[in-house]
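Undergrad: I have a structure here, written as structure tokens, and I will follow up with some questions on it.
The values are calculated or read from the model by the stated rules, or taken from the named source; none is laboratory data. Keep in mind it's a predicted model, so treat the numbers as computed, not measured. Glycine gets a Cβ as well: all are built from the backbone with ideal geometry, and neighbour counts include every protein chain shown.
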Amino acid sequence: MINGAQVLMESLKREGVERIFGYAGATICPAVDALAATDIAYTLVRTEQNAGHMASGYARMMGRPGVCMVTSGPGATNLITGIATAYMDSIPMVAITGQVQSYLLGRDIFQEVDITGACAPFTKHSYLVKDANDIPRVVKEAFHIASTGRQGPVLIDIPIDIQQQMIDPVYPDSVDIRGYKPSVKGNDVQIKRVAEAISAAQKPLLCVGGGLFSAHAQAELVALCEGARIPVVTTMMGLGLLPTDHPLNLGMIGAFGTPTANRALNTTDLLIIAGARAADRAVTSPKEIASRTKTVHLDVDPAEIGKNFSTTVPVVGDVKVILGQLISHRPRAQSDAWIADLQARRQAEPRPAAAPGAGSVTPSYLMHALGEKLGDDACVCVDVGQNQIWAAKHLPMKHGRFLTTGGLGTMGYSLPAALGVKAAVPDRQVAVVCGDGSFQMFENELATLKAMDADVKLVMVHNGVLGLVHQIQFSSYSGPFGVDLTGSPDFEALAAAYGIPSARIADDGQVDAAIDAMLTQSGPYLLICDVDPMATTSST
Amino acid sequence: MTQTISVLVENRAGVLNRITGLFSRRAFNIESLAVGVTDDKNISRITIIVDSGNNVVEQVEKQLNKLVDVIKVRTLDEKKLIGRELIIVKVSTSTKTRQDVANLCQIMGAKIADISSTTMTLELSDTPDRVDLFESLLRPFSILEVARTGVIAVQKGSGKI
């Protein structure tokens with residue numbers, strides 16, 4: 001006989017779990033105790049939300065669910081933002097929460113919250129375990145649900161008495177959930193229609209999103225766009241699917257996208273959306289586009305098809321499999337003239353240039369220089385706000401990853417995600433791009449960064465305001481209010497307090513040398529770049 | 001226009017919460033909802049009437065299908081469904097009006113479930129339209145209390161979901 005917590009750990013090990021991000025508390029103590037006796041690595045965060053973000057960064061690199069584990073009540077409610085972020089970005093995650101004794105549920109006792117109820121809108125599924133004998137099945141199902149179909153977070157809430165219940169566990173070998181059978185293969189007839197449409201098209205366009213990363217379909221994307229001669233635009237979540245300088249990559253679409261990408265979207269005669277929900281930020285007028293052009297939507301989630309975009313040909317299934325099926329038809333578009341025109345426009349787009357002597361750093365130039373200097377497979381974790389837009393627009397991608405939260409847009413995502421990335425792939429170069437606002441949302445995780453002694457380089461765009469809101473208030477409201485970050489610490493002194501070296505620059509003339517100096521250091525490092533608060537996301 | 005959606009779900013704690021929660025957060029309006037266990041005690045059938053444009057029903061169906069506890073979802077053809085609702089209504093009666101109410105029950109095929117010196121409690125199971133009609137015909141007698149179940153429905157003919 002072993003207790004429920006030990007059963008939980010054994011079940012996690014059977015799912016291949018090697019690391020848990022968490023924060024202990026009273027009701028999760030049996031699980032933490034059982035964890036200590038295993039070889040599963042544990043990372044202590046400084047607030048529970050970031051256990052979610054770390055599990056997200058970890059999952060995005062590992063291609064399987066990240067695991068976070070926190071206590072009941074406030075631990076669980078703090079984790080909600082992490083869970084919701086993973087849900088909106090379709091990141092596989094298994095979140096485990098402690099809960100008060102099952103026989104006291106509903107009495108509002110100390111640190112009790114209905115966390116499965118609270119998380120219902122943004123978990124793919126959730127379990128409240130009321131018998132330890134269910135733990136092996138629940139864990140197996142949770143990993144299956146989180147990592148198949150459209151990926152997402154699954155929550156397992158386990159009362160402390162269930163963690164302590166002594167049982168003889170039976171571990172299932174397989175999962176059978178009658179209400180959950182995601183499609184894998186695309187419908188052959190529909191695939192054939194898509195292939196024919198491509199071959200007939202003169203102005204085809206592939207619009208790809210984060211779903212292609214989830215499906216590990218990068219090789220298929222390259223084979224399809226090159227083989228069928230289709231230019232590619234991406235959503236923010238799809239940045240990095242192709243290198244920025246790939247001849248068929250037109251960049252990001254949307255309000256903050258490249259002129260060429262948006263032009264292509266507005267003039268295409270066959271729009272193929274793959275692994276993207278093409279929400280409001282990416283496509284501002286879906287009705288207009290759908291009324292004018294033929295649209296194909298390839299997605300693992302049938303509910304995405306027709307939700308934001310009406311579709312001529314829908315194909316549901318695993319995007320990697322669908323693209324493979326499509327490639328086997330060897331479609332080839334009549335697109336040479338269209339590609340030549342778009343490539344010429346792409347070439348003519350203004351490039352970020354340094355403006356030395358201005359007394360502030362030009363954000364576009366900073367991002368450009370950073371991307372150029374980072375290694376070939378670097379992972380850049382990008383926060384939310386102006387820093388995110390600048391990085392998305394100007395940071396050239398090679399064969400690395402651009403990891404941000406395009407769905408929920410949670411400030412403070414970047415550093416915890418980067419720590420998850422570093423835990424997953426310790427040998428890869430990892431950089432964080434953030435603002436002075438978002439920095440102060442993850443500031444407490446500098447301790448985790450230090451504890452891990454992780455080689456993560458932080459680049460802070462520092463302008464003393466909540467830049468994107470500041471910008472919107474100037475353009476659309478009566479002017480800035482409540483966005484001045486007065487009271488912010490001396491960030492260099494703060495980094496020093498954590499034992500993290502830093503530097504501060506205030507001119508484009510210093511950018512190259514400062515980035516070089518940062519990248520040659522080993523271990524964590526903070527580079528603070530003073531930016532004009534009036535610089536906007538549209539200035540280059 | 002309304003449409004009737006029949007949903008087979010796992011008969012487990014919390015399932016109804018997931019379904020109603022989905023309706024509220026996706027901003028779908030429920031006109032009526034009725035739940036009961038099926039011949040398989042592990043499966044419940046939920047009959048939901050939604051106010052709809054066609055797109056809404058398609059999204060409702062797809063979002064319901066995404067719930068792990070949902071086994072099957074089917075939008076029923078309004079022309080080919082048998083939909084019934086049960087109403088229990090208590091009306092105030094006197095010796096003078098009692099016979100009129102009894103006549104109405106006979107015409108509508110309703111039963112008298114209970115009677116007291118000052119009230120009659122009636123029950124009728126019928127299509128929602130006829131239940132509405134019955135209720136409106138009773139209104140002049142002063143209705144004290146009404147309980148309606150919401151519609152349950154199955155498809156006509158040999159087909160099943």
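Undergrad: Could we say that A:THR123 is in contact (Cβ under 8 Å) with a residue 60 or more places away in the chain and among the polar types (S, T, N, Q) here?
TA: So A:THR123 fails the test.
Undergrad: Let me ask you something else. State which residue is farthest from the chain's Cα centre (by Cα) when the search covers only region A:1-27 and only residues that are among the β-branched types (Val, Ile, Thr) and within 17 Å of A:VAL170 (Cβ to Cβ).
TA: In this case the residue turns out to be A:ILE2.
Undergrad: Taking region A:127-151, which residues are closer than 18 Å to A:MET69 by Cβ and assigned to a loop (DSSP other than H, G, I, E, B)?
TA: Residue satisfying the conditions is A:VAL129 alone.
Undergrad: Looking only at residues that are touching an Asp or Glu at 6+ places or on another chain (Cβ under 6 Å) and among the β-branched types (Val, Ile, Thr) in region A:95-121, which one is farthest from A:ALA26 (Cα to Cα)?
TA: Step by step, filter region A:95-121, then rank; the result is A:THR116.
Undergrad: Right, another one. Hey, among the residues in region A:287-300 that are within 14 Å of another protein chain (Cβ to nearest Cβ) and over 23 Å from A:LEU242 (Cβ atoms), which one's surrounded by the most Cβ atoms within 10 Å (Cβ to Cβ)?
TA: So, considering only residues that are within 14 Å of another protein chain (Cβ to nearest Cβ) and over 23 Å from A:LEU242 (Cβ atoms), the one surrounded by the most Cβ atoms within 10 Å (Cβ to Cβ) is A:ALA290.
This table checks each residue for (1) more than 17 Å from A:ALA261 (Cβ to Cβ); (2) in contact with a Gly (Cβ under 7 Å, 6 or more places away or on another chain).
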| site | (1), (2) |
| --- | --- |
| A:GLY306 | yes, no |
| A:THR312 | yes, no |
| A:GLY317 | yes, yes |
| A:GLN334 | yes, no |
| A:GLN343 | no, no |
| A:ALA358 | yes, no |
| A:TYR365 | yes, no |
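Undergrad: Select from region A:365-403 the residues that are in a loop (DSSP other than H, G, I, E, B), surrounded by 22 or more Cβ atoms within 10 Å (Cβ to Cβ) and touching a Cys at 6+ places or on another chain (Cβ under 7 Å) and list them in ascending order.
TA: The one that is in a loop (DSSP other than H, G, I, E, B), surrounded by 22 or more Cβ atoms within 10 Å (Cβ to Cβ) and touching a Cys at 6+ places or on another chain (Cβ under 7 Å): A:ASP383.
Undergrad: Look through region A:280-309, keep the residues that are hydroxyl-bearing (Ser, Thr, Tyr) and touching a residue at least 24 places away in the same chain (Cβ under 8 Å), and return whichever of them is farthest from A:MET88 (Cα to Cα).
TA: Only one residue tops the list, namely A:THR293.
Undergrad: Which of the residues belonging to region B:46-73 are within 14 Å of chain A (Cβ to nearest Cβ) and within 15 Å of B:VAL154 (Cα to Cα)?
TA: Within region B:46-73, B:ILE46, B:LYS72, B:VAL73 qualify.
Undergrad: From the list A:LYS140, A:LYS130, pick out the single residue that is among the basic types (Lys, Arg), over 26 Å from A:LEU408 (Cβ atoms) and more than 13 Å from every other protein chain (Cβ to nearest Cβ).
TA: When all the criteria are applied, what remains is A:LYS140.
Undergrad: Only one residue in B:THR4, B:THR93 is out of contact with any Gly (no Cβ under 7 Å at 6 or more places or on another chain) and either farther than 25 Å from B:GLU135 by Cβ or more than 14 Å from chain A (Cβ to nearest Cβ) (or both), so which one is that?
TA: Of B:THR4, B:THR93, the one residue that is out of contact with any Gly (no Cβ under 7 Å at 6 or more places or on another chain) and either farther than 25 Å from B:GLU135 by Cβ or more than 14 Å from chain A (Cβ to nearest Cβ) (or both) is B:THR93.
Undergrad: Also, quick follow-up: Could you say which residue among A:ILE289, A:ILE272 is under 17 Å from A:LEU212 (Cβ atoms) and of a type in the set (Val, Ile, Thr)?
TA: Going through A:ILE289, A:ILE272 in turn, just one is under 17 Å from A:LEU212 (Cβ atoms) and of a type in the set (Val, Ile, Thr): A:ILE272.
Undergrad: When you scan region A:421-518 for strands (runs of 3 or more DSSP E) that lie fully inside it, which ones turn up with 3 or more residues that are within 27 Å of A:ASN78 (Cβ to Cβ)?
TA: A:430-435, A:456-462
Undergrad: If you don't mind, there's one more thing I want to ask. Cβ-Cβ below 7 Å, separation at least six or inter-chain, first residue in region A:143-170 and over 19 Å from A:HIS216 (Cβ atoms) and modelled with pLDDT of 95 or more, second assigned to a loop (DSSP other than H, G, I, E, B) and among the polar types (S, T, N, Q): which pairs?
TA: A:PRO153/A:THR123; A:VAL154/A:THR123; A:LEU155/A:THR123; A:PRO159/A:GLN101; A:ILE160/A:GLN101; A:ASP161/A:GLN101
Undergrad: Something else: Looking at A:HIS246, A:HIS216, which one is within 28 Å of A:GLU141 (Cα to Cα) and not assigned by TED's automatic domain parsing to the domain that holds A:THR148?
TA: Just one listed residue meets the conditions, A:HIS216.
Undergrad: Please go through region A:26-59 and pick out each residue that is part of a helix (DSSP H, G or I), out of contact with any helix residue (DSSP H, G or I) (no Cβ under 7 Å at 6 or more places or on another chain) and either closer than 22 Å to A:PRO426 by Cα or modelled with pLDDT under 95 (or both).
TA: Within region A:26-59, just A:ALA59 meets the criteria.
Undergrad: What tally of residues in region A:10-25 results from selecting those that are closer than 20 Å to A:GLY52 by Cβ and either in a helix (DSSP H, G or I) or at pLDDT below 95 (or both)?
TA: Going through region A:10-25 one residue at a time, the tally reaches 1.
Undergrad: I'd like to check something: does region A:186-205 contain any residue that is surrounded by fewer than 17 Cβ atoms within 10 Å (Cβ to Cβ), among the polar types (S, T, N, Q) and part of a helix (DSSP H, G or I)?
TA: yes
Undergrad: Let me ask something additional. For residues that are basic (Lys, Arg), farther than 21 Å from B:GLN63 by Cα and either in contact with a strand residue (DSSP E or B) (Cβ under 6 Å, 6 or more places away or on another chain) or not assigned by TED's automatic domain parsing to the domain that holds A:PRO159 (or both), tally how many sit in region A:107-146.
TA: Total meeting the criteria: 0.
Undergrad: Sticking with this structure for a sec: So, in region A:91-123, how many residues would count as being part of a loop (DSSP other than H, G, I, E, B), within 14 Å of chain B (Cβ to nearest Cβ) and surrounded by fewer than 24 Cβ atoms within 10 Å (Cβ to Cβ)?
TA: Residues in region A:91-123 being part of a loop (DSSP other than H, G, I, E, B), within 14 Å of chain B (Cβ to nearest Cβ) and surrounded by fewer than 24 Cβ atoms within 10 Å (Cβ to Cβ): 3 in total.
Undergrad: Let me ask you something else. Can A:TYR87 be described as surrounded by fewer than 24 Cβ atoms within 10 Å (Cβ to Cβ), within 14 Å of chain B (Cβ to nearest Cβ) and either out of contact with any His (no Cβ under 6 Å at 6 or more places or on another chain) or within 30 Å of A:ARG277 (Cα to Cα) (or both)?
TA: For A:TYR87, the condition - surrounded by fewer than 24 Cβ atoms within 10 Å (Cβ to Cβ), within 14 Å of chain B (Cβ to nearest Cβ) and either out of contact with any His (no Cβ under 6 Å at 6 or more places or on another chain) or within 30 Å of A:ARG277 (Cα to Cα) (or both) - is met.
Undergrad: Oh, and also: Which condition from (1) out of contact with any Lys or Arg (no Cβ under 7 Å at 6 or more places or on another chain); (2) modelled with pLDDT of 95 or more; (3) of a type in the set (D, E, K, R); (4) part of a strand (DSSP E or B) is the one that B:ARG130 breaks?
TA: (4)
Undergrad: Right, another one. If a residue must be surrounded by 15 or more Cβ atoms within 10 Å (Cβ to Cβ) and more than 13 Å from every other protein chain (Cβ to nearest Cβ), how many such residues does region B:15-39 contain?
TA: 6
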